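The values are calculated or read from the model by the stated rules, or taken from the named source; none is laboratory data. All values derive from a computational prediction rather than experimental measurement. Here the Cβ is made from the backbone with ideal geometry for all residues, glycine too, and neighbour counts use every protein chain on show.
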Amino acid sequence: MYLRRLQVTDFRSWPHVDLDLGTGPTVFVGQNGRGKTNLLEAVGYLAMLGSHRVASDAPLVRHDCERALLRAAVVNGDREMTVELEISPGKTNRARVNRGQPTRPRDILGIVRTVLFAPEDLSLVKGDPSERRRFLDDLLVQRAPRFAGVRSDYEKALRQRNALLKTSGKRKGGREDPYAESTLDVWDTQLAEAGAQLLAGRLDLVAELAPHATAAYEGIAGQNPDRQAHVVYRSSIGDAIPDGYGTPGGKQAEPDTLTEVLLDALRESRHADLERGVSLVGPHRDELALNLGDAPARGYASHGESWSFALALRLGSYELLRAEWGDPVLLLDDVFAELDQRRRARLAEVAVNAEQVLVTAAVDEDVPDELSGVRYRVADGEVSRE
Amino acid sequence: MPAVLAARADWAASAFPAGCELFEGVVQDLIDELGRLPGVGPKSAQRIAFHLISSEPADIKRLVDVLGKVTEGVRFCELCGNVSEQQQCRICRDTRRDGAMLCVVEEPKDVLAIERTREFKGRYHVLGGALDPLSGVGPDQLRMRELLARISSDEVTEVIIATDPNTEGEATATYLVRMLRDFPGLNVTRLASGLPMGGDLEFADELTLGRAFSGRRSL
């Protein structure tokens, strides 16, 4: 897959950019703050319906503008499609495919697939569990867009249950709410059903991703039997997850089984949940454990090892998406400056074989020689081809 | 034309409408008020406003009168909770309706939607919303107690749950099923959710298609 054309209007710092792109490497070089990353962010947004840098849409729209517009011509095999996305903060975003009727943005998921490498990736290893959950869920949605719906259903049910826990908790000591227990039962069911779908998706994903990540780490850091990289899904409901779920070569996770497991866990945790006013178990409390040998990478890995692990997770995602759908677009945002010679070389090796790779760098020297494809200068609000 | 403007014009000409213009005084007030109504965007608000301005004064007077009456209070049917002019609504008063079947919906507008099908000959019960703890709506805020009373006293044999197929509506349905399962001989059903008529299978989203699969029936 590759983008043949990218148009960006009122997005971040750009009033308007119109770029003809091709296969192979395309490099954007320019000083910091000139908007190189914004271009990659735009491509990433078309794939994920979210930015890797900010959680809300407001900062994505150019100052004093109501909405931002993204448009891309995407070539997949011998088919070309046009996707358009209108980002209007505070309102409903809209999308169009092949200039048809406006639809929900969710309907364009799966048309553009990307894997993004960015300086922020280090937080995949060093950051909070929420970073790793987000990584898993984003990958899940790219592989199967229906998970975008599952994810939002789960978040909605969770917010509702938490709201109920808070109000029920407040009444302690005072008048007993006769409906509290039976209403909680209902939200437990909603949460367990959506949660089981999400959990099953994540477990199956980790089972497939783990070997790729281990292999990718070895490719970057070299073979070392004591420092092998392992990726393990660690659920907040612990041993209740059936054996073989989420392990390579194990069993495919059954949502129906997991619904029961989650319901039991929620029932067991209810007392504590009421006490604290939040849901203490469920996929929103799970962790993707990253281990090097016997030790967890977080806190124990060196800076270099952490970078290798972050790269391994991204390279693993790339391999996984590639095996199923053909090459996703590789986005390398300012990463080469962060990497040492060896990690740089390994990433370049993969990137040079990708169908399309978009690279940003502050200076020419940051870009490995293999990736010297089409080069653009980004300066003074303009992108000019060299 | 510079590239930026060309691009914007291109988009404006597409299906996305542009923002609103500014008018003076009372006209703008009217547009603003209309724009606050659900489903009315700035362009529609403008159109309605200018339609009203150029209408016959008598037509506007009628609208004002109706709005006045609405603010004085709308009555609800004491039985089903639907909007009504009298103590009981038209459907509850109609003796030809089948009292054995009771269809539970969230809002009065859902009654209207089902009535349009002319498929259902039973009676309704309007809950007045769905379970929504975030907005402080629990069973106590819905007309659940009235529902229980009706089922205990009336000749109801089947309850059809017709809440919305979203998170809150599903939760409400689950709650109703749990509440009603202890009634002996009462048949509780849920509206099927699935594929729209006249549509194509290939264009259905995965969630809908998945639902349609799990709710399939033998022929």
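Would you mind finding the one in A:A68, A:A72 that is crowded, with 22+ Cβ neighbours inside 10 Å, in contact with a helix residue (DSSP H, G or I) (Cβ under 7 Å, 6 or more places away or on another chain), farther than 27 Å from A:L371 by Cβ and outside the structural domain of A:R151 (by TED's automatic domain parsing)? Break it down into steps so the answer makes sense when it comes.
Values: A:A72 fails: farther than 27 Å from A:L371 by Cβ.
From the options A:A68, A:A72, the qualifying one is A:A68.
Consider only pairs whose beta carbons are under 9 Å apart and that are at least six residues apart or on different chains; among these, list those whose first residue lies in segment B:195-214 and is within 11 Å of chain A (Cβ to nearest Cβ) and whose second residue is surrounded by 10 or more Cβ atoms within 10 Å (Cβ to Cβ) and among the polar types (S, T, N, Q).
B:T208/B:S193
On the basis of being in the same structural domain as A:E305 (by TED's automatic domain parsing), buried (at least 22 other Cβ atoms within 10 Å of the Cβ) and not polar (S, T, N, Q), does A:R202 make the cut? It would help to see each step written out before you state the result.
Working: in the same structural domain as A:E305 (by TED's automatic domain parsing): yes; buried (at least 22 other Cβ atoms within 10 Å of the Cβ): yes; not polar (S, T, N, Q): yes.
The answer is yes for A:R202.
Any idea which of (1) within 14 Å of chain A (Cβ to nearest Cβ); (2) closer than 22 Å to A:Q160 by Cβ is the one B:G128 doesn't satisfy?
So the condition that B:G128 fails would be (1).
If you go through segment B:163-175, how many residues are out of contact with any Lys or Arg (no Cβ under 9 Å at 6 or more places or on another chain) and either closer than 15 Å to A:W187 by Cα or without any contact (Cβ under 8 Å) to a residue 12 or more places away in the chain (or both)?
Selection size over segment B:163-175: 6.
Does A:R151 satisfy being in contact (Cβ under 8 Å) with a residue 40 or more places away in the chain, among the basic types (K, R) and within 13 Å of chain B (Cβ to nearest Cβ)?
Values: in contact (Cβ under 8 Å) with a residue 40 or more places away in the chain: yes; among the basic types (K, R): yes; within 13 Å of chain B (Cβ to nearest Cβ): yes.
In short, yes.
If the requirement is being within 30 Å of A:L191 (Cα to Cα) and part of a helix (DSSP H, G or I), which of these qualifies: B:L67, B:L52, B:L134? Please lay out each step first, then the result.
Details: B:L67 fails: within 30 Å of A:L191 (Cα to Cα); B:L52 fails: within 30 Å of A:L191 (Cα to Cα).
Selected residue: B:L134, the only one of B:L67, B:L52, B:L134 that is within 30 Å of A:L191 (Cα to Cα) and part of a helix (DSSP H, G or I).
Given (1) surrounded by 18 or more Cβ atoms within 10 Å (Cβ to Cβ); (2) within 17 Å of A:L140 (Cα to Cα), where does A:G110 come up short, assuming only one miss?
(1)
Conditions tested, residue by residue: (1) at pLDDT 95 or above; (2) closer than 25 Å to B:F203 by Cβ.
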position: A:R34; (1), (2): no, no
position: A:V43; (1), (2): yes, no
position: A:M48; (1), (2): no, yes
position: A:S51; (1), (2): no, no
position: A:D64; (1), (2): no, no
position: A:R67; (1), (2): no, no
position: A:T92; (1), (2): no, yes
position: A:D107; (1), (2): no, yes
position: A:E120; (1), (2): no, no
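Taking the conditions exactly as written (more than 27 Å from A:D78 (Cα to Cα) and acidic (D, E)), does A:D380 satisfy them or not?
It is true that A:D380 is more than 27 Å from A:D78 (Cα to Cα) and acidic (D, E).
For B:E155, which of the numbered conditions (1) crowded, with 19+ Cβ neighbours inside 10 Å; (2) in contact (Cβ under 8 Å) with a residue 40 or more places away in the chain fails to hold?
Failed condition: (1).
Scan segment B:82-102 for residues that are part of a loop (DSSP other than H, G, I, E, B), in contact with a helix residue (DSSP H, G or I) (Cβ under 7 Å, 6 or more places away or on another chain) and over 21 Å from B:N187 (Cα atoms) and report the count. Walk me through how you get there before you give the answer.
So in segment B:82-102, the residues part of a loop (DSSP other than H, G, I, E, B) come out as B:82, B:85-89, B:94-97.
Still in the running and in contact with a helix residue (DSSP H, G or I) (Cβ under 7 Å, 6 or more places away or on another chain): B:82, B:97.
After this cut, where a residue has to be over 21 Å from B:N187 (Cα atoms) as well, the list is B:82.
Residues flagged as part of a loop (DSSP other than H, G, I, E, B), in contact with a helix residue (DSSP H, G or I) (Cβ under 7 Å, 6 or more places away or on another chain) and over 21 Å from B:N187 (Cα atoms) within segment B:82-102 amount to 1.
Of all residues being within 14 Å of another protein chain (Cβ to nearest Cβ) and touching a residue at least 60 places away in the same chain (Cβ under 8 Å) in segment A:103-133, which is farthest from A:F336 (Cα to Cα)? Just the residue, please.
Restricting to residues being within 14 Å of another protein chain (Cβ to nearest Cβ) and touching a residue at least 60 places away in the same chain (Cβ under 8 Å), the top hit is A:I108.
Which residues, counting only those in segment B:195-219, are at pLDDT below 80, part of a loop (DSSP other than H, G, I, E, B) and of a type in the set (G, A, S)?
B:G198, B:G199, B:A204, B:G215
On the given criteria, is B:R178 over 26 Å from A:A163 (Cα atoms) and either surrounded by 16 or more Cβ atoms within 10 Å (Cβ to Cβ) or at the interface with chain A (Cβ under 9 Å from one of its Cβ atoms) (or both)?
Answer is no for this residue.
Inspect all residues belonging to segment B:134-151 and state whether any of them is of a type in the set (V, I, T), within 13 Å of another protein chain (Cβ to nearest Cβ) and without any contact (Cβ under 8 Å) to a residue 40 or more places away in the chain.
Yes, segment B:134-151 contains at least one residue that is of a type in the set (V, I, T), within 13 Å of another protein chain (Cβ to nearest Cβ) and without any contact (Cβ under 8 Å) to a residue 40 or more places away in the chain.
Of these, B:E146, B:E115, B:E106, which one is within 18 Å of B:V83 (Cβ to Cβ), over 20 Å from the mean Cα position of the chain (by Cα) and not β-branched (V, I, T)?
One residue alone meets the criteria, B:E146.
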